[in-house]
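Take a look at the structure set out below.
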Amino acid sequence: MDFGGSSVKSLGLDENSPAVVELDRRWRFRWAFGVSFALLIAIAAYGVVQNQRAAASRALLAQTLAIQGVVLDLAHRGSLMELHQRGFLLTGDMQALRLRDQAAVAARAQVDRLLRWFAGQPVQARQVRAFEAAFEQRHERMRVVSAIALQHGLAAARAAFALRGQGSLEPVTDALDAVSVGQERLLRAGSARADVEQKRFGWVLVYGTAFAMLLLALAAFSLLAQLGRNRRLAKQLIRANQAQAEKSAELERSNRELEAFSYTVSHDLRAPLRHVDGYARMLQEDAEDQLTPDMRRYLDMISRSSRHMGMLIDDLLAFSRVGRKPLERISLDMGELARRALHEAGADHAQATVDIGELPAVDADPVLMRQAWVNLLSNAIKYSAPRGADARIEVSGERDGDIVRYAIRDNGVGFDMRYADKLFGVFHRLHTQEEFEGTGVGLAIVRQILERHGGSIQADARLGEGATFTVELPAAQQRIQATGSTP
């Protein structure tokens, strides 16, 4: 977006001024999220269309198989008529004639079924009519031969059948073959179209989703980078003299707007991601026999990436909520709160032995503090899981003057202290996704909660030996005004 030239000058603004740069940055955020959102919606809509086409193809296949079954039944009925006719000519048994005519009645009913199915298909209907005419002609000749047998004897009837019967059989079989071949041709054409559409949808889903994910990732990281810059500038302005108060207030307003924007975006993007994941799974199930191994792998990557992006959005939403929720301080039994959080953190399904000691009470917001405990304990459980039954987690607390200090220790994989400064940043992780699942937002949320309560968190670890997270909170009742943003 260009804010230079006459439009900027007419407003009395310098194109390099902070206001213009900020406005340009916000427009870029909205453009990236808007394009990604529109692309995901388009992919979801295209998936609906493809699903409808797949349903139509399945219906065509079912009808074709049913028609082929009727064609086989007609061939069977014709064979029965021939068998009973010849049986009558050999034995003179009248029961054979009744069975022949019953087969003819059943065959006519099947012809009526075919004509109803082909009501809107003139070519196939003509083929069925041709078969019907040949069939009726064949049946009439059989009846003429039967009448000769009744009047002049079986020998005369056999001579008449040998003279008239063979030539009338070929049109019946030829007409029936024409119906079967026509249906096979339609089935092959429909299958070819379905294959082309499935491959096209696969490539649209793979490349379209990948491009949308890339835009989302770039926009999200740009947004978070801007939030981080705003926080750093806010702290510098607060420490500056009173003359900078107006600039600090303006920056805080910008920060709140960005957090509100990230909150709105997180809500609006969750549904399209669920659609992408759902249609990818539907494509895997409905077209499993038609997908190449590479396409199956691409679809698996799409599903995993969609779910991971959904987790990122959920965590971004949680991060935004922490900064905007008003504080409601009450006296908290931290021991009881930690034990309840332990179950939410998944301790019931873990092998680790967890020991929660006596924890001093503090005045804090129960909802936010519960979330902080859940994140800290789930972090300890996750990174100590490789120890199996030898995993140990200890939670202790003490009061030191005006400070209450809590320690969460584990004997898990630990981390390299050279990278400890990145530990509490948003989307910063010290382990790969393949080693430990996660989004890199949990500890950032913990830090934000503690800072809103006037506290802090530190980490100490040794690689391969475990880690200790130390939380400090004010012991005295210290009411902090709930402004809806991080202090």
Read phi for every residue in the stretch 69-85 and hand back ³J(HN,Hα) as whole Hz from Karplus 6.51 cos²θ - 1.76 cosθ + 1.60, θ = phi - 60°, with x for Gly and Pro.
x, 5, 4, 4, 5, 4, 4, 5, 5, x, 5, 4, 4, 4, 4, 5, 4
Using a 1.4 angstrom probe on heavy atoms only, work out the carbon and sulfur share of the accessible area of the stretch 37-180 in %.
61 percent
Using amide H atoms built 1.01 Å from N in the peptide plane, name the residues 5+ places from Val404, or on other chains, whose amide H lies under 5 Å from its own.
Leu473, Ala475
Loop only by DSSP, 15 or fewer other Cβ within 10 Å of the Cβ. Give me the GluC sites (Glu not before Pro) in the stretch 352-405 that pass, ordered by residue number.
Glu358
Explain nothing, just compute: Karplus ³J(HN,Hα) = 6.51 cos²θ - 1.76 cosθ + 1.60, θ = phi - 60°, for every residue of the stretch 171-181 in order, whole Hz, x for Gly and Pro.
x, 5, 5, 5, 5, 5, 5, 5, 5, 5, 5
Exposure rank, largest accessible area first [Tyr207, Tyr406, Tyr383, Tyr419; 1.4 Å]:
Tyr207, Tyr419, Tyr383, Tyr406
Rounded accessible area of Trp117 (nearest 10 Å², 1.4 Å probe):
80 Å²
Counting only residues 5 or more places away or on other chains, whose amide H sits under 5 Å from the amide H of Ile356 once H atoms are built in the peptide plane?
Val395
What are the ³J(HN,Hα) couplings of the stretch 409-417, residue after residue, when phi is run through the Karplus curve with 6.51, -1.76, 1.60 and θ = phi - 60°? Round to Hz, x for glycine and proline.
10, 9, 10, x, 7, x, 7, 7, 5
Largest first, how would Lys247, Lys382 line up by accessible area (1.4 Å probe)?
Lys247, Lys382
The long-range amide H neighbours of Val362, using H built 1.01 Å from N in the peptide plane and a cut-off of under 5 Å, are Leu332, Met334
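The values are calculated or read from the model by the stated rules, or taken from the named source; none is laboratory data. Computed from a prediction, not measured in an experiment: that's the story for all the values here. No Cβ is skipped: glycine too gets one built from the backbone with ideal geometry, and neighbour counts run over all protein chains shown. With ligands, DNA and RNA removed, areas are computed over all heavy atoms of the protein, side chains included. Shrake-Rupley method; radii C 1.70, N 1.55, O 1.52, S 1.80 Å.
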